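Here the structure is laid out as structure tokens; the discussion comes afterwards.
What follows draws every value from the coordinates through simple rules; no lab data is involved. The shown structure was predicted, so the numbers you read here are calculated from the model rather than taken from an experiment.
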């Protein structure tokens with residue numbers, strides 16, 4: 001970013017950023033917040049250099065953490081890899097206040113809960129094995145026909161195997177997002193079905209039986225994404 005972009009006078013933007021679960025917040029902190037940055041998804045990103053004030057809310061913490069930031073980069077449209085439009089901010093002076101919040105959450109944290117939804121088989125088992133290598137987690141394996149209400153409410157993340165679930169997979173995605181706004185990663189061989197999954201509410205899509213590295217990157221992106229930015 002050019003220095004001239006930083007010197008431009010902008011009207012400050014105030015945003016409230018909320019994380020759905022303590023697990024989502026801790027992943028966001030370890031991958032983004034502790035490094036002094038955050039991605040905000042929006043179809044109308046402000047120009048580079050815009051001053052931003054963030055109020056970051058973590059589950060179970062009464063007071064939001066307030067942070068001054070500046071827009072450092074912009075993605076105006078969805079990327080070829082399917083990453084959504086939005087902007088990245090850089091901020092400073094967060095270590096003390098965020099550290100207090102993180103310490104309080106870690107003291108009561110019981111680990112991530114992940115749903116793996118799909119037909120019984122080697123594909124679902126492979127995904128579960130990868131997940132246990134990526135993060136410390138409790139995995140609940142379900143079919144798309146199972147009742148998802150309580151499980152979706154308590155989960156930090158859901159992964160849906162479309163190929164082994166059939167059309168019910170898309171309803172499972174919609175139900176998971178509607179009931180709990182749980183982040184969802186959808187897996188399918190066909191690009192067309194991955195697109196339908198996105199339209200149904202999936203946050204990330206990958207080819208069926210993804211590589212470990214691709215699944216790891218998608219899991220971190222999905223877990224670290226705020227549930228609400230207003």
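How much mean residue ellipticity at 222 nm does the chain get from its helices, if each DSSP H run of length 4 or more adds -39500 (n - 2.57) and you divide by all residues, to the nearest 500 deg cm²/dmol? The partial results should precede the final answer.
Values: 8 runs with 84 residues, N = 230.
Calculated at 222 nm, the ellipticity per residue is -11000 deg cm²/dmol.
Over region 101-209, what relative contact order in percent results from Cα pairs under 8 Å that are six or more residues apart? Walk me through the numbers on the way to the answer.
Values: 194 pairs, mean separation 26.9, N = 109.
With pairs under 8 Å counted, the relative contact order is 25 percent.
When a/c is below 1.5 the answer is rounded, else prolate if a/b is larger than b/c, else oblate, so apply that to region 112-229 with a ≥ b ≥ c taken from the square roots of the Cα gyration tensor eigenvalues.
Numbers: a/c = 1.15, a/b = 1.01, b/c = 1.14.
It is rounded, given that a/c, with a ≥ b ≥ c, falls under 1.5.
Taking the Cα atoms only, what angle lies between the long axis of helix 122-134 and the longest principal axis of the chain, rounded to 10 degrees?
Computed tilt is about 30 degrees.
Using Cα pairs closer than 8 Å and at least 6 residues apart in sequence, work out the relative contact order for region 33-180, in percent.
Values: 234 pairs, mean separation 27.8, N = 148.
RCO, region 33-180: 19 percent.
May I ask you to compute the full-extension gain from residue 66 to residue 16, defined as 0.36 nm times their residue separation minus their alpha-carbon distance, rounded to one decimal in nm?
Values: separation 50, 0.36 × 50 = 18.00 nm, distance 0.91 nm.
Stretched fully, the residue 66-residue 16 segment lengthens by 17.1 nm.
Cα axis of helix 212-224 to longest principal axis of the chain: angle in degrees, 0 to 90, nearest 10?
Roughly 60 degrees between the two axes.
Rounded, prolate or oblate: which one fits region 15-169, using the alpha carbon gyration tensor with axes a ≥ b ≥ c (rounded when a/c is under 1.5, else prolate when a/b beats b/c, else oblate)? Let's see the in-between values first.
Working: a/c = 2.50, a/b = 1.52, b/c = 1.64.
It is oblate, given that a/c is not under 1.5 and a/b is not larger than b/c.
Can you tell me, using C-alpha contacts under 8 Å and at least 6 residues apart, the relative contact order of region 3-108 as a whole percent?
After rounding, I find 29 percent.
Between residue 199 and residue 30, 0.36 nm times their residue separation minus their Cα-Cα distance comes to what?
Values: separation 169, 0.36 × 169 = 60.84 nm, distance 2.94 nm.
Gain on stretching residue 199 to residue 30: 57.9 nm.
Angle, helix 191-200 long axis vs. longest principal axis of the chain, Cα atoms, 0 to 90°, nearest 10?
Between the helix axis and the principal axis of the chain, the angle is about 70 degrees.
When the chain is fully extended, how far beyond the present Cα-Cα distance does residue 100 get from residue 191, taking 0.36 nm per residue of separation?
On the way: separation 91, 0.36 × 91 = 32.76 nm, distance 4.38 nm.
Full extension from residue 100 to residue 191 adds 28.4 nm.
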